[in-house]
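A.B. asks: Shown below is the structure under consideration.
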There are 2 protein chains.
Amino acid sequence: MNQLLRVQNFNVSRDGYGAGEHQSLEQPFGHADPGDMFAWAGATASWPMRADPGGSRGLDDYFTRDFARNIGAEIMGRNKFGPQRGPWRDHEWRGWWGNEPPFRTPVFVLTHHTRPSFTLSDTTFHFVDGDPATVLDLARKAAGGKDVRLGGGPTTIRRFLDADLVDTMHVAVSQVELGSGVRLWESPDELLDRFHLEVVPSPSGVIHHLFWRR
Amino acid sequence: MNQLLRVQNFNVSRDGYGAGEHQSLEQPFGHADPGDMFAWAGATASWPMRADPGGSRGLDDYFTRDFARNIGAEIMGRNKFGPQRGPWRDHEWRGWWGNEPPFRTPVFVLTHHTRPSFTLSDTTFHFVDGDPATVLDLARKAAGGKDVRLGGGPTTIRRFLDADLVDTMHVAVSQVELGSGVRLWESPDELLDRFHLEVVPSPSGVIHHLFWRR
């Protein structure tokens, strides 16, 4: 197990949803408020999108600073790239992540509708149609010996869990209740047959869930 | 504050001792049993001296894997290098850390008795006599823009705390009682005037204490 597949800093609501309903261009997380869901990460010194100096250097900062450590590629679902469904209509629109995406590696976007790769700053997006094992194989080859991050959303993580390809997983459970949306789980206990689990409450209020293979 | 001075993975007993009494060549930690004090770290996948694969990937592993992240130099007290006191008598003996020391950077050993620098694998030991601010300046220059780790022991950490040079500090408090030895503190609350503190109990039984400057 030299190149791990790692879920890092994935956020779910207390009731297990990783994304809200009614995702749109204006609302990347649907009815979920990212300000609520990700507040713990944005407060830390190592938050990758932090513009100003400062920020906390307690427990939560260990998680934000681990985001990029030894990561050579990311795999994400199409809904993490943008709100479009079906064939791509506008190739000029190049994702939600701006001109300096925080990934800084090759990124493999899962989609049944492939399109040409492109590079923004030091992130290159590839659009691939394939089963999880095939896409993981591509990402590992692109990762230059480093690990691969599985970026979400919840449906994509479920697909890789169902294929038993995930090695470690960090999920931050917030105090927010969403009531509906796209589920990661009914309960983290669903994974205990295959994973060790440590549950670590943070002083910030979020509860970190750390899984690794048995 | 571009180059932090960081204490990482420093272990103290429940009663605040960072080393036991009667340090000797045979007993680097005196009457403290390193097997008790450091058990939490040795159990993790990222423990730098791990020989076999495996190990846990829960909370404690975040701390062991952070040991080397963005560290460009270490400062340590003479007692962390070896048990000798006074003038060096045996230059052939080159410290407790074997032929592949886990530091992999320049290391500045504080001593009133300087001796020539030497290199073991990718660690170079320098022996310096100076006040904390002067030695930190040397270490920062050697660190190539990265942070500096303050490696201990407890007396050395106290000196740098007293000089107000420490930026962040991670101390793992074990369940062991030592009763005597070299103290880091009477209580972590002594530092609250200058530092934020988060106290994070680990499932392994150790209690992580995370300090960063106010």
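The values are calculated or read from the model by the stated rules, or taken from the named source; none is laboratory data. Fair warning: this is a prediction, and the values are worked out from it, not measured in the lab. We place every Cβ from the backbone using ideal geometry, glycine too, and count neighbours over all the protein chains shown.
A.B. asks: Using the structure shown, decide if residue A:164 is more than 14 Å from chain B (Cβ to nearest Cβ), surrounded by fewer than 16 Cβ atoms within 10 Å (Cβ to Cβ), under 18 Å from the mean Cα position of the chain (by Cα) and not in a strand (DSSP E or B).
C.D. replies: In short, yes.
A.B. asks: Step by step: first the residues of the stretch A:44-64, then only those that are among the hydrophobic types (A, V, I, L, M, F, W, C) and within 12 Å of another protein chain (Cβ to nearest Cβ), then the one that is farthest from residue A:210 (Cα to Cα). Which residue is that?
C.D. replies: Restricting to residues being among the hydrophobic types (A, V, I, L, M, F, W, C) and within 12 Å of another protein chain (Cβ to nearest Cβ), the top hit is A:45.
A.B. asks: While we're looking at this one, here's another question. If we keep just the residues of the stretch A:189-214 that are under 17 Å from the mean Cα position of the chain (by Cα) and more than 19 Å from residue B:199 (Cα to Cα), which is farthest from the other protein chains (Cβ to nearest Cβ)?
C.D. replies: Looking at residues that are under 17 Å from the mean Cα position of the chain (by Cα) and more than 19 Å from residue B:199 (Cα to Cα), I get A:211.
A.B. asks: Mind listing whichever residues of the stretch A:115-144 are more than 20 Å from residue A:160 (Cα to Cα) and without any contact (Cβ under 8 Å) to a residue 60 or more places away in the chain?
C.D. replies: Once the filter is applied, which keeps residues that are more than 20 Å from residue A:160 (Cα to Cα) and without any contact (Cβ under 8 Å) to a residue 60 or more places away in the chain, the stretch A:115-144 yields A:115, A:116, A:117, A:118, A:119, A:120, A:121, A:122, A:123, A:124.
A.B. asks: Just the residues that are in a helix (DSSP H, G or I) and in contact with a Ser or Thr (Cβ under 9 Å, 6 or more places away or on another chain), please, taken from the stretch A:2-41.
C.D. replies: Within the stretch A:2-41, A:36, A:37, A:39, A:40, A:41 qualify.
A.B. asks: Test residue A:101 against the criterion of being within 14 Å of another protein chain (Cβ to nearest Cβ), in a loop (DSSP other than H, G, I, E, B), within 30 Å of residue B:61 (Cβ to Cβ) and not small (Gly, Ala, Ser), and give yes or no.
C.D. replies: no
A.B. asks: Further, regarding this structure: More than 14 Å from every other protein chain (Cβ to nearest Cβ), surrounded by 22 or more Cβ atoms within 10 Å (Cβ to Cβ), among the hydrophobic types (A, V, I, L, M, F, W, C) and more than 30 Å from residue A:208 (Cβ to Cβ): is that true of residue B:133 in this structure?
C.D. replies: no
A.B. asks: Another one. Being under 30 Å from residue B:54 (Cα atoms), within 14 Å of chain B (Cβ to nearest Cβ), under 15 Å from the mean Cα position of the chain (by Cα) and not β-branched (Val, Ile, Thr) is the requirement here; does residue A:67 meet it?
C.D. replies: yes
A.B. asks: Within the stretch A:169-211, track down each residue that is among the charged types (D, E, K, R) and part of a loop (DSSP other than H, G, I, E, B).
C.D. replies: A:177, A:186, A:193, A:194 - these are the residues of the stretch A:169-211 that are among the charged types (D, E, K, R) and part of a loop (DSSP other than H, G, I, E, B).
A.B. asks: Let me ask another. Check off (1) within 14 Å of another protein chain (Cβ to nearest Cβ); (2) on the phi > 0 side of the Ramachandran plot for residue B:30 and give me the number that stays unchecked.
C.D. replies: (1)
A.B. asks: Something else: Given the residues A:87, A:83, which is the only one that is over 25 Å from residue A:206 (Cα atoms), in a loop (DSSP other than H, G, I, E, B) and touching a residue at least 60 places away in the same chain (Cβ under 8 Å)?
C.D. replies: A:83
Residues are listed down the side, and each one gets a yes or a no for (1) within 20 Å of residue A:110 (Cβ to Cβ); (2) surrounded by 17 or more Cβ atoms within 10 Å (Cβ to Cβ); (3) at pLDDT below 95:
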{"site": "A:149", "(1), (2), (3)": "yes, yes, no"}
{"site": "A:153", "(1), (2), (3)": "yes, yes, yes"}
{"site": "A:157", "(1), (2), (3)": "yes, yes, no"}
{"site": "A:172", "(1), (2), (3)": "no, yes, no"}
{"site": "A:190", "(1), (2), (3)": "no, no, no"}
{"site": "A:196", "(1), (2), (3)": "no, no, no"}
{"site": "A:202", "(1), (2), (3)": "no, yes, no"}
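A.B. asks: If you don't mind, there's one more thing I want to ask. Kindly provide the set of residues from the stretch A:176-188 that are loosely packed, with under 13 Cβ neighbours inside 10 Å and farther than 19 Å from residue A:155 by Cβ, ordered by number.
C.D. replies: Within the stretch A:176-188, A:177 is the sole residue that qualifies.
A.B. asks: So which pairs qualify, if the first residue must be in the stretch A:31-59 and in contact (Cβ under 8 Å) with a residue 12 or more places away in the chain and within 15 Å of residue A:11 (Cα to Cα), the second must be acidic (Asp, Glu) and assigned to a loop (DSSP other than H, G, I, E, B), the Cβ gap must be under 7 Å, and the two must be at least 6 apart or on different chains?
C.D. replies: A:31/A:21
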